[in-house]
Every structure is written in C-alpha cells, then in structure tokens.
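Notes follow once the structure below has been shown.
The values are calculated or read from the model by the stated rules, or taken from the named source; none is laboratory data. Everything numeric here is computed off the predicted structure, so don't read it as measured data. No Cβ is skipped: glycine too gets one built from the backbone with ideal geometry, and neighbour counts run over all protein chains shown. The accessibility values were calculated without ligands, DNA or RNA, using every heavy atom of the protein model including side chains. Shrake-Rupley method; radii C 1.70, N 1.55, O 1.52, S 1.80 Å.
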Amino acid sequence: MPKFAANLTMLWNEIDFLDRFEKAAKAGFKGVEYLFPYAYDKEVLAEKLAAHGLVQALHNLPAGDWAGGERGIACLPGREGEFQDSVGKGIEYAKALNTKAINCLAGLTPKDVPADKVHETLVKNLKFAAAELKKAGIPFVVEAINTRDIPGFHLTHTKQTLALLDEVGADDIFFQYDIYHMQIMEGDLTPTVRANISRIKHIQLADNPGRGEPGTGEINYPFLFKAIDDTGYDGWIGCEYKPKTTTDAGLGWFAPYKG
C-alpha cells in the first residue's frame, strides 16, 4: 500500500500553515512534506510533527530568492558558496525534523552562460551536497520539472536527470519522480517507474491538466498506484496538487488508501 504525505504548501491554504499539520493528521495522512521549512523555527515544526504523529517525508534545500523568481541555485555559476551554505541549513532542519529525504531544485538555466559551465557547476554542487547528506545520513533526491509551470527549469526529463546523477557518481543520490511533471514532459508513466524504481526515493503526484487532485484529469491513478505498489516501492508519495475546490472536499480519492 502506498504511503501518502500531504503537501502542506499546496493543501489547506485557507488556514494558517502551522494549523495544516492537524488537518493532515485528521484526514488520515501519516506524513507531510512542503517546499521549505526555513520560515519557521525548527523546534516549532518538530513539535507539530510530534503532536500529530506525523513523519516529515521531504523538504527542499533553500532555493535562492523564491519570491524574486529563483527556483534553485545549484546550476548557477558564482553561487557555489551560497549553495554550500544552503546544504548546511537544509541538513540542520532535516536533523531536527527527522526528514526522510531532502530535494534539490536545480534552478533556471542562466542566460548568457556557456552550457558546459552551467553543467560543471551543477555536477560540482550535487557532488558536494551528496557527500554532506551522506555524512548526515539523509537521502538526497533531485527532480525534473515541466517547462509549462516553470519555463527555463534546467532539469526537465527522466533520462536527463538520471544521466546527471550517473555523472555525479554518488551511491546515495536518487531521483524524485513527479508524476504530474513527467506526464506533461514525456508521459509513459508506468513503464518509466517500473524501469527506474531502484533509483526513485520519493514520488509526487497531481493530475493533469490543471494540477488538481487524482481523479480530476487524465491520469489513471488507481492503475498507477497499483503499478507502483507492485514494484515494492516503500517510499513516500507526496500529494503536491492544487485542490479544485477545498482540500477536504477533494479527498475522496484518498479514502481507499488510508492506513
């Protein structure tokens, strides 16, 4: 049976962020994820997790000036020191929250920078992060994102991302497979998951089109969940979708999977 984590960045947006932990637990989720924990004291977040019996499944490394449009800094030459600091901060929070995996957003491909320099920077930064996270005992994942939602994002396909991870060469760096993003960019979801499940440490979902909850679009989620389950995958599936109405009203899809 898949394990589902509520994405508190996307779900229950009508209430304060710190109140969403209770809503997730009451809805039957055993885990949570969100983009970034850094606006909150880690002790406060740890208390929320403990109070509601929730696992922190995932959060991202700091991603630069998010409000200003940055979507990660790992591929940006000249920002290596900042990236290394971000890894330290990510580990600090992950240790406090017992986070099961940290994700790295590669960032937007910088303009007017030679492609080989961008690639060299990204590989170097990922090698650094993988080594630091391995020392900390925290699994490290990297994801690809579709170019419709984030035009210019540097990693956009499964094969591209896996080839990058091969070049990094660390034995504890994995792929975060986002079903929604990959449906847009390449489709062929089930064969891709089956072929690469040993390299996937975290999965995220939303339906397409619209990025709504399962059952609002074209993806046959019951079929896909069974296919994932049949592979023996025992990681988390993060529910990173935009509810069509309210979060609670759209949770009918989740009823068969509550533990």
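Quick notes on this one:
- Scanning the stretch 214-224 finds one or more residues that are out of contact with any Cys (no Cβ under 6 Å at 6 or more places or on another chain), of a type outside the set (Phe, Trp, Tyr) and in a helix (DSSP H, G or I).
- Taking the stretch 104-191 as the region of interest, the helices (runs of 4 or more DSSP H) fully inside it that hold 2 or more residues being modelled with pLDDT of 95 or more and in contact with a Pro (Cβ under 7 Å, 6 or more places away or on another chain) are 115-136.
- Residue identified as open to solvent by less than 10 Å² (accessible area, probe 1.4 Å) and over 24 Å from GLY69 (Cα atoms) among ILE237, ILE197: ILE237
- Any hit, the stretch 205-213, residues being among the small types (Gly, Ala, Ser), in a helix (DSSP H, G or I) and open to solvent by 10 Å² or more (accessible area, probe 1.4 Å): no
- Some residue of the stretch 84-94 being of a type in the set (A, V, I, L, M, F, W, C), over 23 Å from MET185 (Cβ atoms) and more than 18 Å from the chain's Cα centre (by Cα): no
- Residue count for the stretch 35-56 satisfying the condition of being assigned to a helix (DSSP H, G or I) and within 16 Å of HIS202 (Cα to Cα): 0.
- Every pair of residues 6+ apart whose Cβ atoms lie under 8 Å, when the first sits in the stretch 146-164 and is without any contact (Cβ under 8 Å) to a residue 60 or more places away in the chain and more than 12 Å from MET185 (Cα to Cα) while the second is open to solvent by less than 40 Å² (accessible area, probe 1.4 Å) and assigned to a helix (DSSP H, G or I): LEU162/ASN196; LEU164/LEU122; LEU164/VAL123; LEU164/LEU126
- Filtered by the rule that a residue be aliphatic (A, V, I, L, M), in a loop (DSSP other than H, G, I, E, B) and either more than 22 Å from ILE203 (Cα to Cα) or open to solvent by 40 Å² or more (accessible area, probe 1.4 Å) (or both), the stretch 11-34 gives a lone residue, ILE15.
Yes/no matrix, rows are residues, columns are (1) small (Gly, Ala, Ser); (2) surrounded by 13 or more Cβ atoms within 10 Å (Cβ to Cβ):
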site	(1), (2)
TYR40	no, yes
GLU43	no, no
ALA50	yes, no
ALA63	yes, yes
GLY69	yes, no
ALA74	yes, yes
GLY78	yes, no
GLY81	yes, no
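- Criterion: open to solvent by less than 60 Å² (accessible area, probe 1.4 Å), out of contact with any Asp or Glu (no Cβ under 8 Å at 6 or more places or on another chain) and within 27 Å of ALA57 (Cβ to Cβ) - qualifying residue of LEU165, LEU155: LEU165
- Of residues in the stretch 1-10 being touching a helix residue (DSSP H, G or I) at 6+ places or on another chain (Cβ under 7 Å) and not aliphatic (A, V, I, L, M), the one surrounded by the fewest Cβ atoms within 10 Å (Cβ to Cβ): PRO2
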